[in-house]
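Structure first, commentary second.
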Amino acid sequence: MQQQPPKNSTESLAENFQQYFAAELSHTNEQLLAVYKVRYRVYCEEFAYEPAQSFTDREEKDEFDGHSLHCLMTHRSSEQPAGCVRVVAPGNDQITPMEKYCMDSIDPAFHQYLYDDRERMCEFSRLAVDAAFRRRPGESVTRFGQEDALDVSRKEQRTFSLIAVAAFLGAFAISDITGRTNVFAMMEPFLPRLLRRSGITVHRAGSDIDYHGTRAAYFATTEEVLAGMNPELKALYDAIHRRFAATYGKLPDLH
């Protein structure tokens, strides 16, 4: 009997991740509530980046959410929110978190991308992966890992380490859909390395600053990221992009 050729890895990454997780462009009250609760657990309870007593409803929200779009990753079998990220898209009279808290650390060479075409810039912010989906050596240093506490198969568990990367793919999909393709983010040292290993290149755009731990500004254009993305991730990105574009197109209030 002739052996079937193995399924190519490009298909398996996208298919395996989507088998266990759903990526959503959050717009319903229920989805946004899930985003804010993940952020509360990570930013307030676990790492104390924000004071928990300021959020008596256990939902971490701030002034920037009103001009942001949110990506939510949900574990399908448990229906548990696994991670999130937001894309802050400021109007002419609005700013981003980076501009409010970290502007002095930004390299002046990147100011043109902030100000020359305001409608093309955005900031990726509030990336969080729930602790239930994280466990790896050095977890006290990095917030984006893999865990084995849930009752899941090893095959399923291997997809957990992709949650942060998939959230970034969702953020880049939002960037592309909205035309906000000049992207900034404040990143801790581990995250640029994780992204580069995944074929996503970001450029350091500022000096280190103590902002929720040691972080620095990074910059990327969505066009450059997509051109350099490895084929495995590109297949997953394309699937997320199709889903987000369909949601965005049906909901004028998101425009």
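Could you list, in sequence order, the residues of the range 197-255 that are hydroxyl-bearing (S, T, Y) and under 17 Å from the mean Cα position of the chain (by Cα)?
Taking the range 197-255 as the starting set, the residues that turn out to be hydroxyl-bearing (S, T, Y) are 198, 201, 207, 211, 214, 218, 221-222, 237, 247-248.
The answer is S198, T201, Y218, T221, T222, Y237.
Among (1) modelled with pLDDT under 95; (2) small (G, A, S); (3) open to solvent by less than 50 Å² (accessible area, probe 1.4 Å), which single condition is G249 missing?
With respect to (1) modelled with pLDDT under 95; (2) small (G, A, S); (3) open to solvent by less than 50 Å² (accessible area, probe 1.4 Å), G249 is out only on (3).
From F184, F168, which residue is modelled with pLDDT of 95 or more and assigned to a strand (DSSP E or B)? Show your work before the answer.
Working: F168 fails: assigned to a strand (DSSP E or B).
It is F184.
Can you name every residue in the range 111-160 that is modelled with pLDDT under 90 and under 13 Å from the mean Cα position of the chain (by Cα)?
Residues satisfying the conditions are R143, F144.
Kindly indicate which of G213, G206 is modelled with pLDDT of 95 or more and touching an Asp or Glu at 6+ places or on another chain (Cβ under 6 Å). First the steps, then the outcome.
Numbers: G213 fails: modelled with pLDDT of 95 or more.
That would be G206, the only listed residue that is modelled with pLDDT of 95 or more and touching an Asp or Glu at 6+ places or on another chain (Cβ under 6 Å).
Those residues that are in contact with an Asp or Glu (Cβ under 7 Å, 6 or more places away or on another chain) and either surrounded by fewer than 17 Cβ atoms within 10 Å (Cβ to Cβ) or under 19 Å from V87 (Cα atoms) (or both), I need them from the range 219-240; list them, please. Outline the logic, then answer.
So the first thing to find is which residues in the range 219-240 are in contact with an Asp or Glu (Cβ under 7 Å, 6 or more places away or on another chain), and the list is 222, 235.
Passing the criteria: only T222.
Quick one: in the range 170-215, of everything that is farther than 28 Å from A48 by Cβ and touching a Lys or Arg at 6+ places or on another chain (Cβ under 8 Å), which residue is surrounded by the fewest Cβ atoms within 10 Å (Cβ to Cβ)?
Only one residue tops the list, namely G179.
Which of the residues belonging to the range 69-95 are closer than 27 Å to R158 by Cβ and of a type in the set (A, V, I, L, M, F, W, C)?
Selection gives C71, L72, M73, A82, C84, V85.
Specify the residue that is modelled with the lowest pLDDT; the eligible residues are those in the range 1-56 that are closer than 28 Å to S175 by Cα and charged (D, E, K, R).
Here the answer is E11.
Working only within the range 17-45, note down all residues that are open to solvent by 30 Å² or more (accessible area, probe 1.4 Å), among the charged types (D, E, K, R), within 27 Å of L236 (Cβ to Cβ) and part of a helix (DSSP H, G or I).
E30, K37, R41 - these are the residues of the range 17-45 that are open to solvent by 30 Å² or more (accessible area, probe 1.4 Å), among the charged types (D, E, K, R), within 27 Å of L236 (Cβ to Cβ) and part of a helix (DSSP H, G or I).
What residue, among those in the range 46-64 that are hydroxyl-bearing (S, T, Y) and part of a loop (DSSP other than H, G, I, E, B), is surrounded by the fewest Cβ atoms within 10 Å (Cβ to Cβ)?
Initial filter on the range 46-64 (hydroxyl-bearing (S, T, Y)): 49, 54, 56.
Still in the list and also part of a loop (DSSP other than H, G, I, E, B): 49, 56.
On the way: Y49: 15, T56: 7.
Here the residue is T56.
The values are calculated or read from the model by the stated rules, or taken from the named source; none is laboratory data. Please read all numbers here as calculations on a predicted model, not as lab measurements. Neighbour counts run over all protein chains shown; Cβ positions are idealised from the backbone, glycine included. Side chains are part of the model used for accessible areas, which takes the heavy atoms of the whole protein and leaves out ligands, DNA and RNA. Shrake-Rupley method; radii C 1.70, N 1.55, O 1.52, S 1.80 Å.
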